[in-house]
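Since the structure comes first, as structure tokens, the remarks are kept for the end.
The values are calculated or read from the model by the stated rules, or taken from the named source; none is laboratory data. From a predicted model like this one, the values you see are computed outputs, not experimental measurements. Here the Cβ positions follow ideal geometry from the backbone for every residue, glycine too, while neighbour counts run over all protein chains shown.
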Amino acid sequence: MTKYILSVFVMISLFSCKTETKKTTSEPIIKEKKETIVQHLSNPTENNSSLPRLFSNGKEIYMSWVVKNDTVSTLKYAVFNNEKWSRPEAIISGSDWFVNWADFPVIAENNGNILASLLQKSAEGTYTYDVKLNLFSKEKNQWKNNFLLNLDGKQSEHGFVSMLPYKEDSFFVTWLDGRTLVDMPKGKEQMTLRGAIITKDGKVTQDILLDDRTCECCNTAATMTENGPIVVYRNRSEEEIRDIGIVRFKNGKWTEPQIVVEDNWHIPGCPVNGPAIDASGSSVAMAWFTAADDNARVQVVFSEDNGATFGLPVRIDNGNAMGRVDLIMIDANNAVVSWMEPSGLDTVIRVVKVSSDGTQGKPLTVSKTRSERSSGFPQMEVLGDKIYLSWTSLEKEEPTIEFVSVLKNKL
């Protein structure tokens, strides 16, 4: 009897194992789909296009760029909305422009009015050019083309423009102005920082000197806070310390220039590597490049009081950074920073999320790029749940423009 029971138990066990095995192998194998964090998108530019500039109004992204055809340059723009581009439009063309990898056209929009800048030669000298503005009036449905920003009449260097939407459908504009360079003896030349308001009908008003001694060719950056605009730029002391300076508009007037963080970077020439800044309410974040103490790095600082004071800097690069930074705030406590740095034998564009408490995410490599100057400064903006970046690609015979999206919640 015992043998019979044991035989039955073995038969049931074998039957059960075979049945379970058959059931398991009959279930479909589900492979987990990997989410694409960086997506390369089509864009409306053509071959021989370069120098993209991005501006987001929270609903759409405006992109300007330059197309070169023999000796003629054309400034174009298009609008990105609902994952689609508008038809590209030419703003203006010219054969006497100063087209530069670091000092390139800027675009901004305010309630349907569009403002764009370019640099036009004023004399035969290499660095003699003016800032010309082009304003589209929504009310008049037409462009006012090629009017002067700098009204000094001096054949000198003017450029590195930053612009912001301002009240009453106008724009705040800041730039480096070399009007005093032509009046100074050799070795005593001084670049200056100026600001002005461009009204909705194209008048240059409230032109004012913001700093009487700055670095000659590092880009400026500006943002709007609860108190008004603030401008950051590379300062230049008499001892050739070139750290990042700041001026703020508060209570109807501009503050005296101050240094944001004392890196004490002593360098006798311009590094062509300016700061980036953005604000969210009273919160402000700034990123910049420095090579003080022969330690090339990208740093970020935060402010909780509209840029009046800043916390301790946080380093974000992986070592020996090239800079060419951009920064956007995605909320009051977090910013996303882009920069360029070497990775083995390659040069890459990276982004990282940084929080005001000093914590940061894992740096994300967006793309390979080239270290040459003509690869320019990658641009970055936020729209909805994505970060968008654009830059000049040198991978083909002629320069082209790349445009990608990055999922914000994956940083």
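So the values come out like this:
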read-out	value
Count of the stretch 253-274 residues which are touching a residue at least 24 places away in the same chain (Cβ under 8 Å) and under 21 Å from residue 175 (Cβ atoms)	9
Scan of the stretch 286-305 for residues that are among the polar types (S, T, N, Q) and either surrounded by fewer than 19 Cβ atoms within 10 Å (Cβ to Cβ) or modelled with pLDDT under 95 (or both), ordered by number	295
Options 381, 402; residue that is crowded, with 18+ Cβ neighbours inside 10 Å, touching a residue at least 12 places away in the same chain (Cβ under 8 Å), touching a His at 6+ places or on another chain (Cβ under 8 Å) and not aromatic (Phe, Trp, Tyr)	402
Count of the stretch 369-402 residues which are closer than 20 Å to residue 278 by Cβ and either not small (Gly, Ala, Ser) or not in a loop (DSSP other than H, G, I, E, B) (or both)	14
The stretch 154-169 residues that are more than 17 Å from residue 194 (Cα to Cα) and touching a residue at least 12 places away in the same chain (Cβ under 8 Å), paired with ones that are of a type in the set (Val, Ile, Thr) and not in a loop (DSSP other than H, G, I, E, B) (beta carbon under 9 Å, 6 or more apart)	none
All positions within the stretch 304-330 that are under 22 Å from residue 53 (Cα atoms) and either of a type in the set (Lys, Arg) or outside any loop (DSSP other than H, G, I, E, B) (or both)	323, 324, 325, 326, 327, 328, 329, 330
Any chance residue 127 is free of Cβ contacts under 8 Å to residues at least 60 places away in the same chain, surrounded by 14 or more Cβ atoms within 10 Å (Cβ to Cβ), under 24 Å from residue 168 (Cα atoms) and not basic (Lys, Arg)	no
Yes/no for residue 124 being under 29 Å from residue 399 (Cα atoms) and either within 23 Å of the chain's Cα centre (by Cα) or part of a strand (DSSP E or B) (or both)	no
Number of the exception - residue 390 against (1) farther than 20 Å from residue 53 by Cα; (2) modelled with pLDDT of 95 or more	(1)
Matching residues in the stretch 261-281 - criterion: being among the β-branched types (Val, Ile, Thr) and surrounded by fewer than 22 Cβ atoms within 10 Å (Cβ to Cβ)	261, 267, 272
In the stretch 182-222, the residues that are modelled with pLDDT under 95 and either among the small types (Gly, Ala, Ser) or touching a Leu at 6+ places or on another chain (Cβ under 6 Å) (or both)	187, 189
Segments classed as strands (runs of 3 or more DSSP E), wholly inside the stretch 229-289, with at least 2 members that are among the charged types (D, E, K, R) and more than 21 Å from residue 340 (Cα to Cα)	244-250
